[in-house]
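The values are calculated or read from the model by the stated rules, or taken from the named source; none is laboratory data. Keep in mind that this is a model prediction, so the values were computed, not measured. Every residue, glycine among them, receives a Cβ derived from its backbone with ideal geometry; neighbour counts consider all protein chains shown. Side chains are part of the model used for accessible areas, which takes the heavy atoms of the whole protein and leaves out ligands, DNA and RNA. Shrake-Rupley method; radii C 1.70, N 1.55, O 1.52, S 1.80 Å.
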Amino acid sequence: FTLQQALRSKNFWLLSLMAFCTFYAILAMTGHVYLLLREENYAPQIAATGLTVLFFGGFIGKITSGELAEKFGRKVILLTGVGVMFIGSIFIVLGLLYNISFVWIGLALYGTGWGGLYTLIQLLTADLFGLISLGKIMGVINILDTFGGGLGPFFTGYLYDQTQGYLTPVTLISVLLVIAFISSSMLKIDDKEIQENR
């Protein structure tokens with residue numbers, strides 16, 4: 001694909017929408033997890049480990065997703081990553097509503113899911129559009145997901161100020177992850193063809 005051809009492709013916009021929503025979600029959480037945990041009366045040293053849990057999960061997701069995608073197919077692992085991230089967000093919502101210990105489980109799942117799908121976004125861009133204009137196509141996708149990533153921390157802070165709590169911002173993140181899951185499920189990915197072309 002050339003960039004112009006990619007821009008006319010449904011796959012391009014579905015992948016971009018998924019990237020936008022998931023980058024909003026991860027950067028919103030990394031930007032606010034410390035404040036969220038401090039809001040729940042954790043000591044600064046404990047609240048700071050929230051980022052450690054997120055990024056350790058991301059590390060695990062990144063190192064496992066590539067190999068799993070080769071074994072089970074790109075789409076299955078992509079949907080698993082977005083699904084795990086969504087389940088993590090639900091645990092965080094439950095933690096804010098009922099028992100704060102759920103937040104820690106949620107952060108581990110959230111980071112692991114994001115790490116896995118982050119690797120697959122780049123892999124899928126090459127698989128779906130080829131190498132001729134890969135740099136340009138990946139660059140446009142990166143612009144779109146960067147917009148989502150920049151909006152995430154800002155709008156999360158705005159919603160916190162408006163509602164005086166993190167329940168509404170995290171609920172919005174969960175909704176965006178549902179959108180990301182739906183857009184991922186609509187991607188046309190032929191794993192058999194990918195295997196034959198390797």
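Do we find a residue being open to solvent by 10 Å² or more (accessible area, probe 1.4 Å), more than 22 Å from residue 32 (Cβ to Cβ) and touching a helix residue (DSSP H, G or I) at 6+ places or on another chain (Cβ under 9 Å) anywhere in segment 80-96?
Yes, some residue in segment 80-96 is open to solvent by 10 Å² or more (accessible area, probe 1.4 Å), more than 22 Å from residue 32 (Cβ to Cβ) and touching a helix residue (DSSP H, G or I) at 6+ places or on another chain (Cβ under 9 Å).
Which ones in segment 112-127 are in contact (Cβ under 8 Å) with a residue 60 or more places away in the chain and open to solvent by less than 20 Å² (accessible area, probe 1.4 Å)?
117, 121, 124, 125 - these are the residues of segment 112-127 that are in contact (Cβ under 8 Å) with a residue 60 or more places away in the chain and open to solvent by less than 20 Å² (accessible area, probe 1.4 Å).
Quick check on my filter: what residues within segment 1-28 are farther than 16 Å from residue 178 by Cβ, of a type in the set (A, V, I, L, M) and open to solvent by less than 10 Å² (accessible area, probe 1.4 Å)?
6, 15
Determine whether segment 163-186 contains at least one residue that is more than 30 Å from residue 32 (Cα to Cα), more than 15 Å from the chain's Cα centre (by Cα) and part of a helix (DSSP H, G or I).
no
What is the number of the single condition among (1) at pLDDT below 95; (2) over 23 Å from residue 160 (Cα atoms) that residue 83 does not meet?
(1)
Taking segment 43-70 as the search range and keeping residues that are touching a residue at least 12 places away in the same chain (Cβ under 8 Å) and hydroxyl-bearing (Ser, Thr, Tyr), which one is most open to solvent (accessible area, probe 1.4 Å)?
The qualifying residue most open to solvent (accessible area, probe 1.4 Å) is 64.
Can you tell me how many residues within segment 128-159 are open to solvent by 50 Å² or more (accessible area, probe 1.4 Å), of a type in the set (Ser, Thr, Tyr) and modelled with pLDDT under 95?
1
Inspect segment 99-117 for any residue being assigned to a helix (DSSP H, G or I), under 23 Å from residue 54 (Cβ atoms) and in contact with a Lys or Arg (Cβ under 8 Å, 6 or more places away or on another chain) and give the result as yes or no.
Within segment 99-117, one or more residues are assigned to a helix (DSSP H, G or I), under 23 Å from residue 54 (Cβ atoms) and in contact with a Lys or Arg (Cβ under 8 Å, 6 or more places away or on another chain).
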